[in-house]
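Trainee: Below is a structure I'd like to ask you about.
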Amino acid sequence: MMSSVFADEKLLFAPAIPKNDAIPTIFAFPNKYTVGITSLGYQVIWASLATRTDVQVSRLFTDIREPLPREPELIGLSLSWELDYINILNLLESLNIPIRSNIRNNEHPLIFGGGPVLTANPEPFADFFDVILLGDGEHLLNNFIDAYKEVRNSNRNIKLTTLAQVPGVYIPSLYHVEYHKLDGMIASIKPISPGIPSVVQKQTYQGNILSASTVVTRRAIWDNIYMVEMVRSCPEMCRFCLASYLTLPFRTASLDDSLIPSIEKGLKVTNRLGLLGASVTQHPEFGELLNYINHPQYDHVRLSIASVRTNTVTHKLAYTLAQRGTQSLTIAIESASERVRQIINKKLNNEEIIQAAVNAKQGGLLALKLYGMVGIPGEESEDLDAMVAMIKEIRNAAPGLRLTLGCSTFVPKSHTPFQWFGLNKKAEKKLQYLRNKLRTQGIDFNPESYNWSVIQTLLSRGDRRLLKLLELTRDFGNSLGSYKRAFKELKGQIPTLDFYVHQDWKTDMILPWNHLKGPLTKSTLLKHLANSKL
């Protein structure tokens, strides 16, 4: 099984031959191979490690693994989904490594982690890691490895205190968190010694050569797809959006130096091309790229594209996608209410949404998926009715186009202007209201689980006191009921579920991630919040 899976891989880089004294390293993804190998971030970091002669890296997934070193010095974990923390604990135990960092000693490897979940708010998971890398990996990873080499033969404390000096490298054990009381608010977050930085700054890569797949395989979730990162961040800055605020500034890949060379390289090994980014069609040279892909030499290429900005869905884009094997398009509209869109800074109007549907159909696409959201701060019942009315308008304007409305609940995220809001307790009823209204119209409605939104909010806003809860929940089972059971068992030891999930937080309180600096200052986020006029 193992050899056949890895034998199917087509590598787009040349792995280095490690030196005799190379650092024995395991780079893990806490999910199945098909999921992990589809992650562009995981691919790129693995290739970065594998092209260093001073690192001997082996990959580890929950179902398969490469031959692992007997005594690894470093174990890296990429966390893309919050609930994969359970798999992290399982993987560590399978390697006979204590899951809590304060139990590990000089004989144990350093456990480092990265990825969007840990960059946003690592605190609920902080005690599972020795080292957390905050931000873009382009320079951060190599700086971390280079610094580790300097203290490789030192004891654990020296390693950690030295690594803490590297920009973007966060050592949770070197920061002490005090609380007003066990189940109360945070009183302070301070380094345990004067030599440790009081604030860790997320690292941002500023170059215009962005990521592309380093491996293509038929065993990925999107089989044989070659992925190219078009843009990083998003210029729209919707006030709830982590993908925009956490990754600022908006950066675009160079057409001549990054995109075209990457695409030409990938299409030598596959005919499936995926263009990735939070706002792909807002690349300033997207039209030129579309012309390039429309060359007859690429008639055999199957093209996929991430969610696109609504007012960029032109007839030409729809036609190109339809001719390249795509049947549907996804656009995020969040709300059909002009008032709500002003609150969240969604720069759209209903006419643009309807025109996007018309263009999609005329261009030959068969389906359009809209993404909406309920529970947005300031939302009223009439705003839900506006969504139903707009869906009817779209259906009338583009008859025959299959419409689907996917809908999530607003979840507050760190480093955004809406980080101080709680989850709307009425959101579940709002989802049910939309379901009932749209069912009579024959519209496919796919709401995200409200219970999952509760868990996601808990982990998005959580602090280190959740350590015991996460360990308990792992044993109880992965459901909201299990989390409630764990809160009941820990009553008086940690704040309530309502505190983490539903309460609006005061803007002067110390947040769990106060010592971890994102792209924008608190004062700037507060200005953006004030602009929402809530």
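Trainee: What nm value, rounded to one decimal, do you get for the distance between residue 307 and residue 429 when each label is placed 7 Å out toward the C-beta?
Mentor: Going from the residue 307 label point to the residue 429 one covers 2.7 nm.
Trainee: List the residues whose amide H sits under 5 Å from the amide H of residue 23, counting only those 5 or more places along or on another chain, with H placed 1.01 Å from N in the peptide plane.
Mentor: Excluding prolines and chain starts, which carry no amide H, the hits are 55, 56.
Trainee: Give me the Kirkwood hydrodynamic radius of the stretch 212-267 in Å, from all C-alpha pairs, to one decimal place?
Mentor: Answer for the stretch 212-267: a Kirkwood hydrodynamic radius of 12.9 Å.
Trainee: Starting from the stretch 108-206, pick out the trypsin sites (Lys or Arg not before Pro) whose DSSP state is loop and whose Cβ has at most 15 other Cβ atoms within 10 Å.
Mentor: Passing sites in the stretch 108-206 are 152, 181.
Trainee: Averaging sequence separations of C-alpha pairs under 8 Å and six or more residues apart, then dividing by the length of the chain, give the relative contact order as a whole percent.
Mentor: 13
Trainee: Let me ask another. Based on alpha-carbon atoms only, what is the radius of gyration of the stretch 11-75 relative to the globular estimate 2.2 N^0.38 Å?
Mentor: Taking the Cα Rg and dividing by 2.2 N^0.38 Å, one obtains 1.07.
Trainee: Need one number for the stretch 24-160: average projected area of the convex hull over its C-alpha atoms, nm².
Mentor: 7.5
Trainee: With an 8 Å cut-off on Cα pairs and a minimum separation of 6 or more residues, tell me the relative contact order of the stretch 1-60 in percent.
Mentor: That works out to 47 percent.
Trainee: Could you look at the stretch 86-173 and say what percent of its accessible area is carbon and sulfur, using a 1.4 Å probe and all protein chains?
Mentor: 45
Trainee: Rounded to the nearest 5, what is the percent of antiparallel bridges among the DSSP beta bridges in the chain?
Mentor: Just about 20 percent of them are antiparallel.
Trainee: Let's test the formula: R0 of 45 Å, r as the Cβ-Cβ distance of residue 165 and residue 339. What FRET efficiency results, to the nearest 0.05?
Mentor: In this case the efficiency is close to 0.40.
Trainee: Quote the accessible area belonging to residue 425 in square angstrom, nearest 10, computed with a 1.4 Å probe and with ligands, DNA and RNA left uncounted.
Mentor: Spelled out: residue 425, probe radius 1.4 Å, area about 130 Å².
Trainee: For the stretch 38-106, calculate the relative contact order in percent as a whole number, restricting contacts to Cα pairs under 8 Å that are 6 or more residues apart.
Mentor: 15
Trainee: Report the charge-dipole magnitude of the stretch 164-289 in Debye, nearest 20, computed about the Cα centre from +1 at each Lys and Arg Cβ and -1 at each Asp and Glu Cβ.
Mentor: For the stretch 164-289, the charge dipole is close to 360 debye.
Trainee: Can I ask one more? Can you check how the C-alpha radius of gyration of the stretch 41-83 compares to 2.2 N^0.38 Å, as a plain ratio?
Mentor: 1.22
Trainee: May I ask you to give the average projected area over all directions of the convex hull of the Cα atoms of the stretch 143-257, in nm² rounded to one decimal?
Mentor: 12.4
Trainee: Let me ask something else. Which residue, 12, 510, 394, has the largest displacement toward the positive end of the dipole of the chain when charges sit on each Cβ (Lys, Arg +1; Asp, Glu -1)?
Mentor: 394
Trainee: A further question follows. Give the average over all directions of the projected area of the C-alpha convex hull of the stretch 315-382, one decimal, in nm².
Mentor: In nm², the orientation-averaged hull projection of the stretch 315-382 is 4.8.
Trainee: Now, a different point. Can you work out the PRE-style zone for residue 71? Point 7 Å along Cα to Cβ, and I want the residues of the stretch 93-112 with backbone N under 15 Å.
Mentor: The answer is 105-110.
Trainee: Now for a different question. For residue 460, what is the net charge nearby, where nearby means another residue's Cβ is under 11 Å from its Cβ and Lys, Arg count +1, Asp, Glu -1?
Mentor: Taking every Cβ under 11 Å from that of residue 460, the sum is 0.
Trainee: Can you find, among 353, 126, 250, the residue farthest towards the positive end of the dipole of the chain? Put +1 on the C-beta of Lys and Arg, -1 on that of Asp and Glu.
Mentor: Value computed over the given set: 353.
Trainee: Using protein chains only and a probe of 1.4 angstrom, how many square angstrom of residue 38 are accessible, to the nearest 10?
Mentor: Roughly 20 Å² of residue 38 is accessible to a 1.4 Å probe.
Trainee: At 0.36 nm per residue, and after removing the present C-alpha to C-alpha distance, how many nm does the segment from residue 264 to residue 440 gain when stretched out fully?
Mentor: 58.6 nm
Trainee: Heavy atoms only, probe 1.4 angstrom, no DNA, RNA or ligands counted: give me 491, 426 ranked by accessible area, highest first.
Mentor: In descending accessible area the options line up as 491, 426.
Trainee: Output needed: Cys residues of the chain lacking any neighbouring Cys C-beta below 4.7 Å, sorted by number.
Mentor: So far as the 4.7 Å Cβ criterion goes, 234, 407 stand without a partner in the chain.
Trainee: Please give the length that would be gained between residue 187 and residue 509 if that part of the chain were fully extended, namely 0.36 nm times their separation in residues minus their C-alpha to C-alpha distance (nm, one decimal).
Mentor: Between residue 187 and residue 509, full extension yields an extra 115.1 nm.
Trainee: Further, regarding this structure: How long, wide and thick is the chain, going by the Cα atoms along their three principal axes, in whole angstroms, largest first?
Mentor: Projected onto its principal axes, the Cα set of the chain covers 69, 57, 41 Å.
Trainee: Please give the Cα centre distance for the stretch 60-75 versus the stretch 102-125, rounded to the nearest Å.
Mentor: Distance between centres, Cα-based: 17 Å.
Trainee: Please give the solvent-accessible surface of residue 45 in Å², to the nearest 10, using a probe radius of 1.4 Å with every protein chain present.
Mentor: Rounded to the nearest 10, the figure is 40 Å².
Trainee: Sticking with the crude label model, points 7 Å out along Cα→Cβ, report the distance from residue 297 to residue 13 in nm, one decimal please.
Mentor: 2.6
Trainee: While we're looking at this one, here's another question. So for the stretch 425-515, what are the equivalent ellipsoid semi-axes in whole Å, largest first, each being the square root of 5 times an eigenvalue of the Cα gyration tensor?
Mentor: The answer is 30, 17, 11 Å, longest axis first.
Trainee: When only the heavy atoms of the protein chains count and the probe is 1.4 Å, how do 150, 82 rank by accessible area, highest first?
Mentor: The ranking, largest first, comes out as 150, 82.
Trainee: If you take every residue apart from residue 107 with its C-beta less than 14 Å away from the C-beta of residue 107, what net charge results, scoring Lys and Arg +1 and Asp and Glu -1?
Mentor: Summing Lys/Arg as +1 and Asp/Glu as -1 gives +1.
Trainee: May I ask you to evaluate 6.51 cos²θ - 1.76 cosθ + 1.60, the Karplus curve with θ = phi - 60°, for each residue of the stretch 17-24 and list the ³J(HN,Hα) values in order in whole Hz, giving x for glycine and proline?
Mentor: With coefficients 6.51, -1.76 and 1.60, one gets 8, x, 5, 4, 9, 4, 6, x Hz.
Trainee: Given N residues in the stretch 346-486, what is its alpha carbon radius of gyration divided by 2.2 N^0.38 Å?
Mentor: 1.26
Trainee: With +1 on each Lys and Arg Cβ and -1 on each Asp and Glu Cβ, how big is the dipole of the stretch 324-370 about its Cα centre, in debye rounded to the nearest 20?
Mentor: The dipole magnitude comes to about 120 debye.
Trainee: State the answer as a single residue: which of 433, 331, 483 lies farthest towards the positive end of the charge dipole of the chain, with beta carbon charges of +1 for Lys and Arg and -1 for Asp and Glu, about the Cα centre.
Mentor: 433
Trainee: Would you mind classifying the stretch 1-48 by shape? Square roots of the alpha carbon gyration tensor eigenvalues, ordered a ≥ b ≥ c; an a/c under 1.5 is rounded, otherwise it is prolate if a/b is larger than b/c and oblate if not.
Mentor: Prolate is the answer for the stretch 1-48, as a/c is 1.5 or above and a/b outweighs b/c.
Trainee: Also: If you put +1 on each Lys and Arg Cβ and -1 on each Asp and Glu Cβ, how big is the dipole of the chain around its Cα centre, in Debye rounded to 20?
Mentor: So the magnitude is around 800 debye.
Trainee: Could you tell me the largest-minus-smallest coordinate of the C-alpha atoms of the stretch 79-128 on each of the three principal axes, in descending order and whole angstroms?
Mentor: Principal-axis extents of the stretch 79-128 (Cα, largest first): 30, 18, 14 Å.
Trainee: Sticking with this one: Kirkwood hydrodynamic radius of the stretch 383-455 from all distinct Cα pairs, in Å?
Mentor: 13.7
Trainee: Spin-label point model (7 Å from Cα, Cβ direction): what's the residue 107 to residue 94 distance in nm?
Mentor: Label at residue 107, label at residue 94, 2.3 nm between them.
Trainee: Let me ask something additional. Leaving out ligands and nucleic acids, and using a 1.4 Å probe, what accessible area per residue does the chain come to in Å²?
Mentor: Using a 1.4 Å probe on heavy atoms only, each residue of the chain averages 41 Å².
The values are calculated or read from the model by the stated rules, or taken from the named source; none is laboratory data. Treat the numbers as computed from the prediction; the structure is a model and nothing was measured. Backbone-built Cβ (ideal geometry, glycine too); neighbour counts: all protein chains shown. These area figures cover heavy atoms from the full protein model, side chains too; ligands, DNA and RNA do not enter into them. Shrake-Rupley method; radii C 1.70, N 1.55, O 1.52, S 1.80 Å.
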